[in-house]
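Structure first, then comments.
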Amino acid sequence: MNSKTCKITALCNQKGGESDALCREYGLSVIEDPERGKTKHYSEWDAERKGLPTQRSMVKADVDTAIRRSMTESQFYDKLRKLGYEIKPGRDISVKAFGRERFIRLERSFGDDYSIKGIRRRILIQTRPEVCRPYPEPKKAYKFNGVFHKPKRKEGLRALYFYYLYRMGAIPKGREPNPNQVYFLFREDIKYIRRISEETRLLVRHDIDTDVQLDAHRQELQNQINLLNNQRILLRNKLRSIKDVERLASMKSEISVLSKSMGSLRREVSQCDEIERRSLDIKEKILIEHKDRQEKKNECTVYKPVNRSAQNR
């Protein structure tokens, strides 16, 4: 490394003004007045490139929704809280989604339109706020003659996973979920949709519905791993005394097959561990979503006034 490179490296670690001056001295480009909200982490850029939702994109979409549904600043905060966010008001509003540890600064992350002044301006220029649609009236009931047996409702881990995939829009057609149409607590799991689908296939393939069945299957897998491992140890011990080239190659091939089988079994054990953890998380999220949906249903229910005078006639 020459003296010129050392000088550039040392000065670039100092304040931004000195770094810019050095870049101008050696004819390098300098970013003048960099815009806020333009920088991205590699993982976020990679997720957007693959069409997957990110935490920042979901936060931005929810903030836009809260703005569209508000006519005042206090309404904006209230709508954002109802979407599951904790808020720190200030010169740069900070929000934290449910289950997250860190806050996100809106202006710093998304630009001037998400500063407190920008949010106030966007609220004021709206002609009317976006309102939640009332739930449709219940359909009329019809009576039929005959005997109809109500199908037994499925329960357990398989039913839980199928319901969760359905709520995220991944079934029945196996399409990619749309984050804008998924409940905010479910959105984070869209990036893990393939893993959840694989775990669902495992539950269906082995008819697993309870935690006891899951533990039994995991123990069976572990027994198979131990059995294959013992066979591999015996082959490796025999390998030391074999001098024939063909037999040596055949035994190495057998060891390789055993290792691959053990790897697939270990991955399935890991999936069982993940199902045990994820199922508790899914149950909690679904319970919160049901309560929230019931509250919104009560808020948006349309009551038709009864015309008493018409009834008396």
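The values are calculated or read from the model by the stated rules, or taken from the named source; none is laboratory data. Only a predicted model underlies this, so the values are computations on that prediction, with no experimental measurement involved. Cβ: placed from backbone, ideal geometry, glycine included. Neighbour counts: every protein chain shown.
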| query | Of all residues in region 76-99, which are of a type in the set (K, R) and touching a strand residue (DSSP E or B) at 6+ places or on another chain (Cβ under 9 Å)? | reply | R81, K88, K96
| Those residues of region 187-212 which are at pLDDT 85 or above and either within 12 Å of the chain's Cα centre (by Cα) or not in a helix (DSSP H, G or I) (or both), in sequence order | Y192, I193, R194, R195, I196, H206, D207, I208, D209, T210
| When you go through I123, I104, I119 one by one, which is the residue that is under 21 Å from the mean Cα position of the chain (by Cα) and at pLDDT 85 or above? | I104
| task | All but one of (1) aliphatic (A, V, I, L, M); (2) closer than 21 Å to D189 by Cβ; (3) in a helix (DSSP H, G or I) hold for V95, so report the exception by its number. | result | (3)
| note | Checking D215, D209 in turn, the sole residue that is in contact with a Lys or Arg (Cβ under 9 Å, 6 or more places away or on another chain) and not hydrophobic (A, V, I, L, M, F, W, C) turns out to be D209
| query | Do we find that E246 is of a type in the set (D, E, K, R) and within 21 Å of D273 (Cβ to Cβ) in this structure? | reply | no
